[in-house]
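Only one structure is covered here, and it is reproduced in the block below.
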Amino acid sequence: MYDRTIHIVDDDEAIRRSIGFMLRKAGHIVETYSSGIEFLKATTRETQGCVLLDVRLPEIDGLEVQRRLAQQGIMLPIIILTGHGDVMLAVRAVKAGAIEFLEKPFERSALLKAIDEALDQAGRNDRHHLASAEAIVRLAALTERERNVLDGMVLGRPNKLIAFDLGIATRTVEVHRANLMEKLSARSLSDVLRIAFTAGLGVGDPA
């Protein structure tokens, strides 16, 4: 079960209190912050859940908070809260990756629906992060030569070409390939590629 923490970032205490009460009654854990700076100071890559982020905040606005989270690699799903007249800013936030924006005053059902969608995405992000970490650990068990062979496999090169590139015998490539597949618990080339891509290997490489 994914984390159900909702981080409310709004400088209006009455809104923080009313939304917080509603969400706690719905079974969520709620954390509140009166400014974007306060929220950023309390947030790390390990922070889970989703964010209700007001677009108008003191010191820095919601768009800047969103930008800094992305800059730090913090992938929390964001729902933008906007007052009348801030819709264009909210649209910019959605284009920058926010899940949804809600114009105040919003209906309870609309808020809960947006939160469910955000938490579903948070769950997918968490699963991807865990899979990536596991794949990186698996790759760390390979020798340097096995990694070289794997790099060739990721590029779609046949054994003979990998052997030519590395200056070794084709039979030696076959042995390294069998060894790395065993270490990765891979039963096929597609398994090997899935693990490699999940770990980020080959991202940005030419086809």
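General remarks:
- Among (1) more than 19 Å from the chain's Cα centre (by Cα); (2) modelled with pLDDT under 85, the one test that Asn125 misses: (1)
- Arg108 vs. criteria surrounded by fewer than 17 Cβ atoms within 10 Å (Cβ to Cβ) and over 16 Å from Ile8 (Cα atoms): no
- Inspection of segment 33-44 identifies at least one residue that is modelled with pLDDT of 85 or more and charged (D, E, K, R).
- All positions within segment 148-199 that are charged (D, E, K, R) and within 26 Å of the chain's Cα centre (by Cα): Asp151, Asp191, Arg194
- Condition met for Ile78 (surrounded by 14 or more Cβ atoms within 10 Å (Cβ to Cβ) and over 21 Å from the mean Cα position of the chain (by Cα)): no
- Neighbours by Cβ (under 7 Å, 6+ apart or cross-chain): first from segment 170-192, at positive phi; second not in a helix (DSSP H, G or I): none
- Of residues in segment 87-105 being assigned to a loop (DSSP other than H, G, I, E, B) and in contact with a strand residue (DSSP E or B) (Cβ under 8 Å, 6 or more places away or on another chain), the one farthest from Thr5 (Cα to Cα): Lys104
The values are calculated or read from the model by the stated rules, or taken from the named source; none is laboratory data. Quick caveat: nothing in here was measured; it's all calculated off a predicted structure. Cβ atoms come from the backbone with ideal geometry, glycine included; neighbour counts cover every protein chain shown.
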